[in-house]
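S.K.: Structure in C-alpha cells, see below.
Values quoted throughout were computed directly from the atomic coordinates according to the rules given, and no laboratory measurement underlies them. What you see is a predicted model, and the numbers here were worked out from it, not measured in a lab. For neighbour counting, all protein chains shown are included, and Cβ atoms are generated from backbone atoms with ideal geometry for every residue, glycine included.
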Amino acid sequence: MKLSRREFVAAGLAGAAGLCVGGYPTRSNAAESKAPLPDEDGYRLWLRYAPPGDAAKIYRKVVQQIRVDGDSATMVIIRDELRSAIAALLGNAVPRIENGLADGTVIVGTPGNSALIRDLKWAADLGAVGDEGFIIRSTRVGNKPVTVIAANTEIGALYGSFHFLRLMQTGRPIGKLDIAERPALQLRLMNHWDNPDGTIERGYAGRSLWQWNELPGKLSPRYADYARACASLGINGAVINNVNADPRMLAPETLRKVAALADVWRPYGVRMYLCANFAAPVTLGGLATADPLDQKVAGWWKAKADEIYGLVPDFGGFLVKANSEGQPGPKTYGRTHADGANVLADALAPHKGNVIWRAFVYDDDIDPDRAKRAYIEFMRLDGKFRPNVVIQVKNGPIDFQPREPFHPLFGGMKQTPVIAEIQATQEYLGQAKHLVYLGTMWQEFFDSDTFAKGPGSTVAKVLVGRIHPSRITGMVSVTNPGTDANWCGHHFSQANWYAFGRLAWNPELPAEKIADEWTRMTFTNDGKTVAVIRDMMMGSRETFVNYTMPLGLHHMIGGDHYAPQPWNDRAPRADWTAVYYHQASTDGIGFDRTKRGDGAVAQYFPPVCDLFDDISRCPEKFLLWFHRCAWDYRMKSGKILWDELCAKYHEGAKQAAALQTTWQSLAGKIDPRRHKEVADRLAIQVADSAKWRDQILQYFAGFSKRPIPPSS
Ligand code: GCV
C-alpha cells in the first residue's frame, strides 16, 4: 500500500499511534513485562526485529513457514534475512520448505527462478512494477492460504522481502495484503565523502568504513552489513569516495580493492560508483593535459573505463566535481562543463555507465552572487550533454543550509536530466551533536512548486520526470556513516539515512510516516512512546532553524560549519564569509535578491519569481534570503523585524530545551545506553542553542541599536 502525504493523515495514522496502528494494539514486550531493557549500541540500525507485541500472535498464523525459491547469492540473503527476522519477531523459528506448500507459507521468487511464481500468471502485474519493484499478495495457491512476494528480478524480491518485514516490524496488518510497489527514481545513491587515508570530509561518526589497507584480501563484515542496510531501503548504489577526489582512486591497485567491495555489495543490489578527479589523465596517466577535447585524453578515459568494467562489470559510473572549490575541470582548459562531462560519458557509454556531473559550482567571474552562478552556467549548456550524463544539483542554491529555497535548476533545465543531491550528514545542521530530523526539510523541498509547467510542478514531479521527460532520474544523499558503533554518531542521525532511502524510493512519502516507522523499528513499538519521539523529530528541524538561522538567514558560520560566527568576515573567498550573506548594518539586514536588487528571483518561473520578489507576499521563512529589510520592518505578526528575530532565537533555544525534557521523560522506555547517549548529546544541543541565541543577538544588536527583548 502506498500512502500519499494526504492519505497518511486522512487514514488517521498520524494521530493514532498512541492507541493502535493498522488495527493492532501495539505495546512493546518491555512495557508489558516491565523488565529492564538490555543496552543497545545502535549497530543494528532499523533492522533490530524487536517483537511487535500482540501483533505477533496474528503474524504467527500468516507466517508458518517460508519458501524462497532459487539459490543465487541474493536468494540466500533473502532466505537468511527472513528466517532470522521472523524468528526474532515471532519469538520462534519457522521452518523453511523447499518444495510444496502448506497453510501460512511466505513464498518468495521470480518468474526466472520459480515455477510456482510463473504458474501464478502475474506477468501483467509484474510488468507494471518494473525491474526493481515487487508484488506482495495474500492469496491462495493450491487452495492453501499463502503470502507471495514476487518480483521480476531477485533484487526486486529482496526489496519486497524487506518491505514485508517492515510491515511486521511496525505492527501493520499482514493478513490481506495486495501491494505493488516500484521505485519512483532510478538512481538512489549514497554519496560518501571518504578519503583514501581513512578520513571523511564532513564525517562525524568515526573513520571511513572502507579499510583500504586490508582490501582486497580481507573483507570487514561491515561491508555486507552496510549493503544490507542500504538494500532494506531500496538504495541501489554508492559513490564511495570524496567528490574532492584523490586521483589514486582510479589507480589499478585501488581498483582491485574497489572490485572486492563491489563483489560484496552485488547480491544486495548496491552498485559501485567512483568520484573521478578530472585531472587524472595527467596526475595518474602522465599525459601533458586533461583537456577533454584532446584525443589522447579521450583515449585515456576510454581505457580507464574498460579497465574498470573488466573488474566491476556492473560499475555504475563516475561522479565528478569539476571547477569547484579548487578541483580541476574542463574550464581549466578553456572548455565547458558539457565538454568535460561528454568525454567521460563517451568512455562509459559502451558499458552503459553514467556520468553524474555536479552543478555545485560558483566561479565568481559568473556573477557577484554565489546563489546565481550554477544556474547561469548550466542553463546555457542545457541540451549539450550526452544522453548518459545527468546533472546532480544540491537542494538549494548555496550549500545545504538549514533552510534554502529550492534550486532554480529544478524545472529550469529541460533537456538534461537533473537529479537531487541532499545531505544526511548534517554538516550545517548540528553534525552528529544535534537532534535534527531532516525528513521535514526534504519534504518541504520536494513539495516546492517550481511552476515549470504551471501549478503542481513540484520538485518531486520534476525529479520523477513528470514535468520534463527524463531518461535518467535519481536522488543522492551525502551520507557519511563511519566506524562508530552506531554508524552515524548520533542515534537520531540514523533517521536521516533511513529517510533518504525511503524518499529516494518515493519522494512523495510523508516525513511523518517515515519518522513513525523509523521510530518503531529503531526504538520501540510502544504507541505512546512512538508518538512522543515522532513529534520530537517532526519539530526538530524548525527548532534548529529558529536558534541558528531563522527568517531566511544563511551561512552564519565559520570553517567548522557548526558554531555561530556571524562576524566571520575573513576567508580566502568573500562567499565563504558570513557577512557576505547577512549584510547587517545599522540600516538593516538581508540580501537583496529582488528584481531591484541582484535579480536572483528571476531565475524562478513566474509566479514563484513574483512571490519571492514581493516583500509583502514572500514567505517570511525566506525573507532575508531575498530581501534587505530595515530593523523596524513590520512583520506579519505585527512585531518589527528586530523583535521578531529575537523572538525566533528565544523560541529556538526554548524548543531545544523542551526536546531535552521530553527525552528525559522517556527514561525506562528506551534502553539505558541509547537513552543516555542521546541525552548526553541533547545536553550539548541545549547549551549550543543558547550560545547561538546569545552570540547572534548580541552581534546583531550592535547594528540594530535596539535592546534585546526578554524571552516571552
Ligand atoms: C566535499 C561544502 C563543504 C565541502 C564539500 C563541498 C561540496 O563546501 O563544506 O566540504 O566538499 O560542499 O559539496 O563539494
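S.K.: Report the FRET efficiency, 1/(1 + (r/R0)^6), for S84 and D197, where r is their Cβ-Cβ distance and R0 is 35 Å, rounded to 0.05.
M.R.: For S84 and D197, the calculated efficiency is 0.45.
S.K.: Using 0.36 nm times the number of residues separating K296 and K176, minus their current alpha carbon distance, what extension gain do you get?
M.R.: Numbers: separation 120, 0.36 × 120 = 43.20 nm, distance 6.13 nm.
Once the chain is fully extended between K296 and K176, it gains 37.1 nm.
S.K.: Rounded to the nearest 0.05, what FRET efficiency do D382 and R248 give with R0 = 45 Å and r taken as the Cβ-Cβ distance? Could you check? Walk me through the intermediate numbers first.
M.R.: Numbers: r = 34 Å, r/R0 = 0.75.
With R0 = 45 Å, the Cβ-Cβ based efficiency is 0.85.
S.K.: Moving on to the next point. Determine the relative contact order of the range 139-229: mean sequence separation of Cα pairs under 8 Å and six or more apart, normalised by residue count, in whole percent. Don't jump to the answer; show the numbers that get you there.
M.R.: Numbers: 41 pairs, mean separation 9.8, N = 91.
Relative contact order for the range 139-229 comes out at 11 percent.
S.K.: Near the amide H of G474, under 5 Å away, which other amide H atoms are found, from residues 5 or more places off or on another chain, if H is placed in the peptide plane?
M.R.: Residues meeting the amide H criterion: Q186, L187, A420.
S.K.: In debye, nearest 20, what is the charge dipole magnitude of the chain about its Cα centre with +1 on Lys and Arg Cβ and -1 on Asp and Glu Cβ, if you could check?
M.R.: The dipole magnitude comes to about 1400 debye.
S.K.: Report the full-extension gain for the segment A658 to K595: residue separation times 0.36 nm, less the Cα-Cα distance, to one decimal in nm.
M.R.: Extra length from A658 to K595 when fully extended: 18.6 nm.
S.K.: Using each residue's phi in the range 217-227, evaluate 6.51 cos²θ - 1.76 cosθ + 1.60 at θ = phi - 60° and report the 3J(HN,Hα) Karplus result to the nearest Hz, with x for Gly and Pro.
M.R.: Per residue, the Karplus-derived 3J(HN,Hα) values read x, 10, 10, 5, x, 5, 5, 6, 4, 5, 5 Hz.
S.K.: Along the charge dipole of the chain, pointing to its positive end and built from +1/-1 on Cβ of Lys, Arg, Asp and Glu, which listed residue (V106, L659, A571) has its Cα farthest out?
M.R.: Result: V106.
S.K.: Ok, one more. Specify which residue in the list G668, L233, G91 is farthest towards the positive end of the charge dipole of the chain, using unit charges on the beta carbon of Lys, Arg (+1) and Asp, Glu (-1), about the Cα centre.
M.R.: Positive-most Cα among the choices belongs to G91.
S.K.: Right, here's the next one. On a C-alpha basis, how far is the centre of the range 467-486 from the centre of the range 630-653 in Å? Whole number, if you could?
M.R.: 36
S.K.: Then there is this: Just to confirm my numbers, what's the Cα centroid distance between the range 96-123 and the range 524-544 in Å?
M.R.: Rounded to whole Å, the Cα centres lie 40 Å apart.
S.K.: At a Förster radius of 56 Å, what calculated FRET efficiency corresponds to the Cβ-Cβ distance of T332 and N92, to the nearest 0.05?
M.R.: After rounding, the FRET efficiency stands at 0.30.
S.K.: Name the residue from H163, L45, A630 whose Cα lies farthest towards the positive end of the charge dipole of the chain, charges +1 on Cβ of Lys and Arg and -1 on Cβ of Asp and Glu.
M.R.: H163
S.K.: A follow-up question, please. Helix-only estimate, please: 222 nm mean residue ellipticity of the chain, summing -39500 (n - 2.57) across DSSP H runs of length 4 or more and dividing by its residues, to the nearest 500.
M.R.: Rounded to the nearest 500, it is -11500 deg cm²/dmol.
S.K.: Another question, then. Amide H neighbours of C275 under 5 Å, at least 5 residues apart or on other chains, H built in the peptide plane: list them.
M.R.: For C275, whose amide H was placed from the backbone, the distant partners under 5 Å are I240, N241, L319.
S.K.: With the cut-off at 30 Å, tell me which of the pairs K331/K414; K394/K639; K144/K528; K304/K331; K528/K654; K461/K621 have Cα atoms farther apart than that.
M.R.: Numbers: K331/K414 23 Å; K394/K639 34 Å; K144/K528 38 Å; K304/K331 22 Å; K528/K654 23 Å; K461/K621 23 Å.
Those over the limit are K394/K639; K144/K528.
S.K.: Scan around A452 for amide H atoms under 5 Å from its own, H built in the peptide plane at 1.01 Å from N, and keep only partners 5 or more places away or cross-chain.
M.R.: It is S457, by chain and number.
S.K.: Let me ask you something else. Report the gain in length on full extension from E325 to T139: 0.36 nm times residue separation, minus Cα-Cα distance, nm rounded to one decimal.
M.R.: 61.3 nm
S.K.: Which of the trypsin sites (Lys or Arg not before Pro) found in the range 121-199 are in a DSSP loop and have at most 11 neighbouring Cβ atoms, other than their own, within 10 Å?
M.R.: Values: sites: K121, R137, R140, R166, K176, R188; in loops: K121, K176.
Answer by residue number: K121, K176.
S.K.: If you don't mind, there's one more thing I want to ask. Convert each backbone phi in the range 691-702 into a coupling constant with the Karplus relation 6.51 cos²θ - 1.76 cosθ + 1.60 (shift: θ = phi - 60°), then list the ³J(HN,Hα) values in order as whole Hz, x for Gly and Pro.
M.R.: Computed from phi, the couplings for the range 691-702 are 5, 4, 4, 5, 5, 5, 5, 5, 5, 6, 4, x Hz.
S.K.: Given labels modelled 7 Å from the Cα in the Cβ direction, how far is it in nm from S712 to D71?
M.R.: Here the modelled spin labels are 7.2 nm apart.
S.K.: Compute the separation of the alpha-carbon centres of the range 141-219 and the range 545-576 and state it in Å as a whole number.
M.R.: 36
S.K.: Moving to a separate point now. How high is the relative contact order of the range 259-403, in percent, counting Cα pairs under 8 Å that sit 6 or more residues apart?
M.R.: With pairs under 8 Å counted, the relative contact order is 21 percent.
S.K.: Please list 3J(HN,Hα) in residue order for the range 138-151, calculated via the Karplus relation 6.51 cos²θ - 1.76 cosθ + 1.60 where θ = phi - 60°; whole Hz, with x for glycine and proline.
M.R.: 7, 8, 10, 10, x, 6, 9, x, 9, 10, 10, 10, 10, 8
S.K.: Suppose a student asked you for the relative contact order of the range 633-712, using Cα pairs under 8 Å spaced at least 6 residues apart; what percent would you report?
M.R.: Relative contact order, the range 633-712: 41 percent.
S.K.: Be a star and scan the range 576-603 for residues whose amide nitrogen sits under 11 Å from the point 7 Å along the Cα-to-Cβ vector of A630.
M.R.: 587-588
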